[in-house]
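Presented below is the structure to which this report refers.
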Amino acid sequence: MSINKHAYQAIEAVVGRNYITDDPADCEGYRSGPGGYESGTGYERVMTKIAGAVVMPRTTEDVQKIVKICGRFGVPFVPYSTGFYGPRSHPHMEHELIIDMKRMRDFEIDEKHFFITVQPGVIYSQIQQECFEKGAYVVIGGGGAQTSAVANLLNDGWSPLSFRVGLPQRRILGMEVVMPDGEIVKMGSLADGDDPFWGEGIGPDLRGIMRGYTGLLGCLGICTRMAIKTLPFQPEIPKPSGISPETALQLDPKRVRWINFTMPSLESIEQAHIMIGNAEIGGAVTKVPVFWRAIAKAECKEDFWDLWLKETEESVSNFFLVRVLLIGYTSEEQMDYDYHVLCDIIEELGGKERRTKPSDESWFKNADSAGMWLMTGSYVSVDYVMDTFTQAFKQGPNYRDLKAKYTPPLMPDCKDLGWFQSCEMGHLGYYEYLIYWDQREDTNGMDQFYVESAKMNIENGCYPALLGAHQPLYLTGPAYGPGYHEWILGLKEVFDPQWICHPPLPLAHDEFVERAEWMHEVKNWETPEEFPYPEKLKENMRLEK
Amino acid sequence: MDILKDLAAIVGTEFATQDPSVLSDYVSDLSFTEGSRPEAVVFPGKTEEVSSIVRWANEKNIPLIPVSSPIHLYGTTVPKQGGVIVNMKRFDEIYEIDKVNRLVRFGVGVSWEKLTAALKAEGMRVIMPLAPREERAVATDHLEREVTTSMVYDYGEPTQSMEVVFPNGDVFRTGSASAPKYPYSPARGANPAGPGLDFYRLLQCAQGTMGIVTWMSLKIQSIPLIDKIKFAPLDDLGEGISYLYRILPRRIGQECLILNRVDLAALLAEDTAEFEKMRGRLPEYTLILTISGLIRRPEEKIAYEEHFLEDVMKNEFPQIVLTDYLPGFPGADKKLMNILRTAWPKERPYWKSVPKGAYQDLFFITRPERVPEFIERMKHVAGEISYPFDEIGIYEQPIEHNRACQLQFTFYYDPDCEESADTVKSVWKKAFESMHDAGGYFTRPYGETAERLYDRAASYTAALKKVKALFDPNNVMNPGNLCF
Amino acid sequence: MSVIDKKHPERYDTPKEPFALDIENLSNFVYDMQHCIKCKGCYWVDHTYMPGMKHSVRCPSNLWKEFDSYGAFGKMRIGLKLEKNEIEWTDHLLELIYADPLCGACDVGCKRNLDLEVGLTLEALRVKAVQDGAGPLPVHKDITSDILETGNCYGAKKDRRAWMDASVKPAEKADIMYFVGCSSSYENTGIASAVTKVMQSAGIPYMLMEDETCCGNIIFSVGLVDEARKIAEKNVEKVRKSGAKVLMTGCAECYRMWKVDYPKLLNIRTEDLGFEVKHFIEVAEEALTEGKLKLVNPVNQRITYHDACNVSRNCDPWEPYEGERGWMGTVEPRLARRRGRHGLYEQARTLLRAIPGIDLAEMPRMKENSLCCAGGRGTKQAFPELAEFAARDRLEEARYVGAETVVSACPWCRSNFSETAEKDGEKTGVLDIAELLAMAAETGEK
């Protein structure tokens, strides 16, 4: 299948023959699905293709040369760091090149100034341990400790640990990007020297074009180096314990503690989030979906369903648990202060402290996202939103009610509300709605629900994360801004006039709606007669059809 | 083309003028920037009017220079290619103070005076730069990414959403305010990010070249119930900076800054005579740190911070002596605490005009450990042109637990003395070049600095120009600034 | 087309599909291959134990060659194509399938969070290669011939018991049968001697197998299940006939073969073998605890212990399974998955800490996170570069913790580490735990 053979040879000369392949078995090994994040979906089946070739560069200069060669020969390419993000980070065209950046794993830590500098092949759990040993910690996104920190920060990046720092993009300092035309743009202090310690631009900040609330999934260039903020931690290094599958980090309760509280109502949970933020204490505040607790208790999938099928709408809607992380950043005395303030708040709201394990299984180093697939085999977060708690707690019931119409194929979840947490010390309320299904079944309903949720948000005036390439751009574009899509398409035209960088993003979901016949019944928005692709891309797409 | 007629048709005759006495206000500002006279000044009162003005400007190819503050510091509002001043002062409404979600939304013409008073009445405050003029527009300072004195919040800046009229005349809301039906939507505009791109980042430090912001929202905090201010004289600045590396990551303090005797004297003195006396008596550098008890158990918070500080001083930094008062200056503690939490009243001469009447700032971002090195450099530069180093104000502002800092030098001069002004121009320029060569990171390219900064950052500049060309193909928005 | 469940309208009525944990039919693992989420839990050290930037990977194949196809997550995708016969067998595809020591890191890593049978799928891919006439590799065929002809994997004509000298005194009959294995009989005879010395020092009688021949580990591992089954039947029968209550071995590969793969081949539970299977370190640790084994001679060394795969991740007992998979992938009857919990981690460490003078340093990749040296299961013979690479990486890790000697409980590890250290001119010592115990044991050498 391969890619243009002149391009292949030229790229082979850049990286050496051991680091490029077009062997069918190798390329098959890079297939997006059928399992994985957002896999087992119509999008994955309709939009993704097997790579024509895979190359593994080592340096920024390698990446630049590869991109320029692709530009010369019209070879579409997609940047790939772990491939965990599912179909949206895999090829969508035939004869496309995967630029697999796992060999790019340089790492430096500046202990004094609380930042690290990494390449895309470095994952969060590696970083976290290095940080622990230097009195710091890093926010590991909900995507999991196995995600590339660079990729995660460019596209997603939220976690309960974001309580103090908030938006993922705030954690990005200087960075280096190979643009789709092969030019290297350095941002932040890297623009004017070799030290990536600071992220703001010279004047307007071009980090603004690399992502919005969520990212552009690699369709506007390849980040090859990024400095990332770490946060000051406390001096006790959490120690791992246990044998798989029961491994956990042991926390010194005098300096780091998770505490669970049962609360009398959903409103009191909302209040707890707001009041704890207002009191400016803590390291994380979150309400997790009830079924996550069943996952944590379950040894296996069957155990999970034994537990979960005992729950009812009533039992779930009457179970209110908030989970708070306290960190003794300053001292044990400060930890005590935080705890007393927290208890004051909980008591005022009628809550009660529950016995909580002095360990962390899920956030500091493991970020247990892999467990999301245990229940049904397929999963995606259909939205993750950050505005205020006012929005968050209104949005949950909207999703819950819409989802009921699409169950099945979606998992019966007793109308559980989803995941809430506090960010930026309660200034922001975060809400995430996760859906699960069995990909062996008819999943058309899942694809439809996904787009219907975007329509629901528009109807209700809610601000979702999944804009840009995640949803049909011509649906969300006119609604938000309004007209944000025109700017994204304009930037695409400016920096990638050939649409060679991960085509056909950012219009991939629009394409999916056109191509998948079961999506036609949900399409009730305007699209242009032809998408604004360059002629060459249009021709290639015609040929592929 | 009758500019006045066209503008009056949009905003009404009362709000457009070509009165020379009004126009002349915009020919210069407190910087050394020289520019041209605008052709008119227009005062829109509604977003739709701003949009119409921008569309008109594109049609007529006339530059627009947005202005929201009555005081201009950096030359950004001085027309470089003629054009029309769009004065946003009528956007002076506070639209909402949301105490539950802790945000405030206000028009770009709202002053520090108005905003801080309104917030105070609700028991709230917004983090702020050091002693901004109270008549200055809050939005301007946050759009310009003025560094705040509060360094304890991991999220850094308080900026949330904005409404902007883009250079093509489109009205756009950034962040979660972009949601349909806003402001009647569940989305409250608290999230600055998105939609799709981080538009707000393109608007910050843009000096009005990427559009005209009409309102913005900021995070607000509760006013602490207890505040204590601490001082430490620093004979050895390096030691003081090491001390900050030790304590600030432990999340100690609300505000923290280091001032040299010149700047501290300027801040505290009532007049020039007192300034000279104080300057002579103050230590070379003073560390100023506030610790606060918040809305719950305030005494306990103060206690744990003080215990920590005592511990560190006793065991690690015995030479740092923190006191609740400024030794030798009774009453300075209360005065400074007030200065740190309020804007500078317009009735009083601005503190930076106390020494000699006028001033020029030079500031950049760096690693705190490099501050002594940059100060030595400044000594050298001053010495080269015989400028008295001991008359330069020095202000180090730690940022986010001291992961970085802003270092600011202030050159004071007599505005009525041409020679004095020329000397400052000269030393300022040399100093800028020297600091830049040494790796000082200048994120706010005002005036002359822009050319050198953008030349050196060639790849960034090229990309930035492409973005600008997309948003403003006719380059009507404040041309001649940055690299545009 | 999915049909709504009449009893539960919020669900589909998912038809039940039969499956078995039977590696002779790759279709049994289609669900597992389809549900790999590419999280690379099969590649990385357990994140909770992640030591940082160094020593962060526990998959030797994918560490050696970094295309995704070399990792289990890549092979799951390739396997789906193989199951449908939609991809051609080529030399490269055979490399992907066989350049893999089946160390179990992927299986355990995946099962930390999910219920996927990655390890069994990889075994099934080997069987598929053989069934399709593509595998095993020529060198494996040679080894198989050697085993079948000479009873050992070296093709050695020498007497299998030639390692025994006068000091070795097996009993005619005993509860414990010591299965020496090919490597200890021919290449690492010091291990066999050491095991017997320690047993004798502790006063534990043992007997040897009559006409001991190869356990068939390599034959099984490369997918020749029929041949392996015959060996299993013969060997199990021999032990049963001998009346031994315990089959003990000092070789981790033999240990896994007897404890897990013989029952797998014979479609019985481990506990139905009719005798217990123990590794020497289990017997020695019991003897130490009971006071029978006295470790008195100091061995003044800073050592590190390498957890060989087959006495760590891979040695959970076997239980055959046949069932059905239905709604949301749930299975009936309930399946207790083998998640690698039963590794002999503490036994080895208890023994080592009991030796006077020993300073035991742990490597970052320890216990179930251990990096396989890729010396076993026919891997080194087919891919010597991979084995050398993995051994080199592990030796570097040993040096990183300041160890003068690497100790393991597997002769294949011992050979691979020794050869690589020697080739690289490294001074790191390599010993089997039996040898160390023999030095320290009451009547042992100093």
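The values are calculated or read from the model by the stated rules, or taken from the named source; none is laboratory data. This is a predicted model, so every value here is computed, not measured. Using ideal geometry, Cβ is built from the backbone for each residue, glycine included, and neighbour counts are taken over all protein chains shown. Side chains included, ligands, DNA and RNA excluded: accessible areas come from the protein's heavy atoms. Shrake-Rupley method; radii C 1.70, N 1.55, O 1.52, S 1.80 Å.
For the range B:1-91, what number results from the quotient of the Cα radius of gyration and 2.2 N^0.38 Å?
On the way: Rg = 12.2 Å, N = 91, 2.2 N^0.38 = 12.2 Å.
Rg over 2.2 N^0.38 Å, computed on Cα atoms: 1.00.
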- line: Note on the range C:174-229: the mean projected area of its alpha-carbon convex hull, in nm², is 4.6 nm²
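With viscosity set to 1.567 mPa s at 4 °C, what whole-number translational diffusion coefficient in µm²/s follows for the range A:5-100 from Stokes-Einstein and a Kirkwood radius over Cα pairs?
Values: Rh = 13.4 Å.
Here the translational diffusion coefficient equals 97 µm²/s.
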statement: Within the range B:350-373, the residues whose backbone N lies under 19 Å from a label point placed 7 Å from the Cα of residue B:239 along the Cα-to-Cβ direction are B:369-373
- request: Give the angle, between 0 and 90 degrees and rounded to the nearest 10, that separates the Cα long axis of helix C:189-201 from the longest principal axis of the Cα atoms of chain C.
  value: 70 degrees
field: Geometric extent, Cα atoms of the range A:138-236 - Rg, Dmax (angstrom)
entry: 13.4, 47
- prompt: What is the average number of partner chain Cβ atoms found within 10 Å of a Cβ in A:143-151?
  reply: 3
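Could you tell me what percent of the DSSP beta bridges with both partners in chain A are antiparallel, to the nearest 5? Spell out each step's value before the answer.
Numbers: 58 of 68 bridges.
Given both bridge residues lie in chain A, the antiparallel proportion sits at roughly 85 percent.
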query: Residue by residue, what Karplus-based ³J(HN,Hα) values in Hz, rounded to whole numbers, does the range B:164-178 have, using 6.51, -1.76 and 1.60 with θ = phi - 60° and x for Gly and Pro?
result: 9, 9, 6, x, 9, x, 5, 8, 9, 10, 9, x, 6, 6, 6
Amide H within-cut-off set for residue A:247, under 5 Å, with H built and near neighbours excluded: none
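For the range C:207-239, which GluC sites (Glu not before Pro) are in a loop by DSSP, counting at most 16 other Cβ atoms within 10 Å?
On the way: sites: C:210, C:212, C:227, C:233, C:237; in loops: C:210, C:212.
In loop regions of the range C:207-239 (DSSP not H, G, I, E or B), the sparsely surrounded GluC sites (Glu not before Pro) are C:210.
Can you figure out the FRET efficiency of residue B:418 with residue A:112, using R₀ = 45 Å and their beta-carbon distance, to the nearest 0.05? Don't jump to the answer; show the numbers that get you there.
Working: r = 45 Å, r/R0 = 1.01.
It comes out at approximately 0.50.
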- prompt: For the range A:249-460, with the dipole built from +1 on Lys and Arg beta-carbon atoms and -1 on Asp and Glu ones, taken about the Cα centre, which of A:372, A:445, A:269 lies farthest toward the positive end?
  reply: A:372
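Where does the charge balance sit around residue A:496 when Lys and Arg score +1, Asp and Glu -1, over other residues with C-beta under 14 Å from its C-beta?
Values: positive: A:68, A:492, A:536, B:466; negative: A:181, A:183, A:493.
Neighbour charge sum, excluding residue A:496 itself: +1.
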- request: With a 1.4 Å probe and every protein chain kept in, tell me what percent of the accessible surface of the range C:230-305 is carbon plus sulfur.
  value: 46 percent
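Quick check of the Kirkwood formula: for the range C:17-440, what is the inverse mean of 1/r over all pairs of different Cα atoms, in Å? Let's see the in-between values first.
Working: mean 1/r = 0.0462 Å⁻¹.
In the range C:17-440 this quantity evaluates to 21.6 Å.
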task: Work out from phi, with θ = phi - 60° and the Karplus expression 6.51 cos²θ - 1.76 cosθ + 1.60, the ³J(HN,Hα) of each residue of the range B:282-292, listed in order in whole Hz, and give x for Gly and Pro.
output: 6, x, 4, 10, 10, 8, 10, 9, 10, 10, 10
query: With each run of n ≥ 4 DSSP H residues scored as -39500 (n - 2.57), what mean residue ellipticity at 222 nm is computed for chain A after dividing by its residue count and rounding to the nearest 500 deg cm²/dmol?
result: -9500 deg cm²/dmol
- request: With runs of 4+ DSSP H residues as the only contributors, calculate the mean residue ellipticity of chain C at 222 nm using -39,500 (n - 2.57) per run, divided by the residue total and rounded to the nearest 500.
  value: -11000 deg cm²/dmol
message: Using only Cα atoms and rounding to the nearest 10 degrees, what angle (0 to 90) does helix C:138-150 make with the longest principal axis of chain C?
response: 50 degrees
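At a probe of 1.4 Å, how much accessible area disappears from chains A and B on forming the pair, both sides counted, to the nearest 100 Å²?
On the way: alone 22170 and 20180 Å², together 34150 Å².
Its buried surface, counting both partners, is about 8200 Å².
Tell me the carbon and sulfur percent of the accessible area for chain B, rounded to whole percent, probe radius 1.4 Å.
On the way: 7870 of 16080 Å².
Using a 1.4 Å probe with all protein chains present, chain B comes out at 49 percent carbon and sulfur.
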message: Rounding to the nearest 10 and keeping the result within 0 to 90°, find how far the Cα-based axis of helix B:371-384 lies from the longest principal axis of chain B.
response: 80 degrees
message: Give me the residues in the range C:45-64 whose solvent-accessible area, probe 1.4 Å, is reduced by at least 50 Å² once all protein chains are included instead of the chain isolated.
response: C:47, C:48, C:49, C:50, C:53
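Would you list A:68, C:169 from the most to the least accessible area, probe 1.4 Å?
Values: A:68 95, C:169 135 Å².
The most accessible residue leads, giving C:169, A:68.
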- request: Kindly provide the trypsin sites (Lys or Arg not before Pro) of the range C:178-278 that DSSP labels as loop, not H, G, I, E or B, and whose Cβ sees at most 15 other Cβ atoms within 10 Å.
  value: C:245, C:269
task: Can you pull out the buried accessible area for chains C and A, both sides counted, probe 1.4 Å, rounded to the nearest 100 Å²?
output: 6000 Å²
- line: Check: C-alpha center the range A:357-402 vs C-alpha center the range C:362-388, spacing in Å is 38 Å
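How charged is the neighbourhood of residue C:358? Take every other residue with its Cβ under 12 Å from the Cβ of residue C:358, and add Lys/Arg as +1 and Asp/Glu as -1.
Details: positive: C:302, C:349, C:353; negative: C:359, C:404.
With Lys, Arg at +1 and Asp, Glu at -1, the neighbours total +1.
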field: Volume in Å³ per residue [convex hull over Cα atoms, computed for the range A:261-420]
entry: 127 Å³
- prompt: Rounded to the nearest 500 deg cm²/dmol, what is the calculated helix-only ellipticity per residue at 222 nm for chain B, with -39500 (n - 2.57) per DSSP H run of length n ≥ 4?
  reply: -10000 deg cm²/dmol
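How large is the convex hull of the C-alpha atoms of the range B:75-187 per residue, in Å³?
Details: hull volume 15.6 nm³, N = 113.
Taking only Cα atoms, the range B:75-187 has a hull volume of 138 Å³ per residue.
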- line: Among beta bridges assigned by DSSP with both residues in the protein assembly as shown, the antiparallel ones amount in percent, to the nearest 5, to 75 percent
Accessible area (Å², 1.4 Å probe, nearest 10) - residue B:245: 30 Å²
query: List for the range C:108-148: residues with 30 Å² or greater reduction in accessible area, all protein chains versus chain alone, probe 1.4 Å?
result: C:112, C:113, C:114, C:115
message: With every protein chain left in place and a probe of 1.4 Å, what is the accessible surface of residue A:39, to the nearest 10 Å²?
response: 0 Å²
- line: For chain A, the Cα-Cα pair-distance distribution in 10 Å bins from 0, as whole percents, is 4, 18, 29, 27, 16, 5, 1, 0
task: Please list, in chain and number order, the residues 5+ apart from residue C:276 or on another chain whose amide H is under 5 Å from its amide H, with Hs placed from the backbone.
output: C:246, C:247
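Suppose all protein chains stay in the model; what accessible area per residue would a 1.4 Å probe give for the protein assembly as shown, in Å²?
On the way: 46920 Å² over 1475 residues.
Per-residue value: 32 Å².
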Radius of gyration and maximum dimension Dmax of the protein assembly as shown, Cα, Å: 34.9, 120
Longest site-free stretch - chain A; sites: GluC sites (Glu not before Pro), DSSP loop, at most 10 other Cβ within 10 Å: A:1-525
- prompt: At what distance in nm do the modelled label points of residue C:289 and residue A:459 sit from each other, each positioned 7 Å from its Cα along Cα→Cβ?
  reply: 6.5 nm
task: Treat every Asp and Glu Cβ in the range A:472-544 as -1 and every Lys and Arg Cβ as +1, leave all other atoms uncharged, and give the resulting dipole magnitude about the Cα centre to the nearest 20 debye.
output: 160 debye
task: Only bridges with both residues in the range A:5-100 count here: give the DSSP antiparallel percent, nearest 5.
output: 20 percent
- line: Once both label points are put 7 Å beyond Cα along the C-beta direction, the residue B:276-residue C:132 separation in nm becomes 9.4 nm
Averaged over A:31-44, number of beta-carbon atoms from partner chains that fall within 10 Å: 4
field: Accessible surface of residue C:11 - all protein chains present, 1.4 Å probe, nearest 10 Å²
entry: 30 Å²
- prompt: So how long is each side of the range B:226-437 along the principal axes, counting just the alpha-carbon atoms, biggest first, in Å?
  reply: 56, 40, 27
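How big is D for the range C:241-287, in µm² s⁻¹ as a whole number, if Stokes-Einstein is applied with the Kirkwood radius of its Cα pairs at 4 °C and 1.567 mPa s? Mind showing how you got there, number by number?
Numbers: Rh = 11.0 Å.
My calculation gives 118 µm²/s for D.
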- line: In this structure, the FRET efficiency calculated for residue A:524 and residue C:7 from their beta-carbon separation, with R0 = 45 Å, to the nearest 0.05, is 0.80
- prompt: Can you give the mean number of other chain Cβ atoms that lie within 10 Å of the Cβ atoms in peptide A:293-300?
  reply: 2
query: How long, wide and thick is the range C:115-268, going by the Cα atoms along their three principal axes, in whole angstroms, largest first?
result: 50, 36, 26
task: Taking amide H positions as placed in the peptide plane 1.01 Å from N, state which residues far from residue A:173 in sequence (5 or more) or on other chains have amide H under 5 Å from it.
output: A:227, A:228, A:229
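If R₀ is 35 angstrom, what is the calculated FRET efficiency for the pair residue A:267 and residue B:226, using the beta carbon separation as r and rounding to 0.05? Could the numbers behind the result be given before it?
Numbers: r = 31 Å, r/R0 = 0.88.
According to the calculation, E is roughly 0.70.
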- prompt: Can you pull out the trypsin sites (Lys or Arg not before Pro) in the range C:92-130 that DSSP calls coil and that have at most 13 other Cβ atoms within 10 Å?
  reply: none
task: Rounded to whole Hz and in sequence order, give me ³J(HN,Hα) for the range C:323-330 from the Karplus expression 6.51 cos²θ - 1.76 cosθ + 1.60, θ = phi - 60°, writing x for Gly and Pro.
output: x, 10, 10, x, 4, 6, x, 6
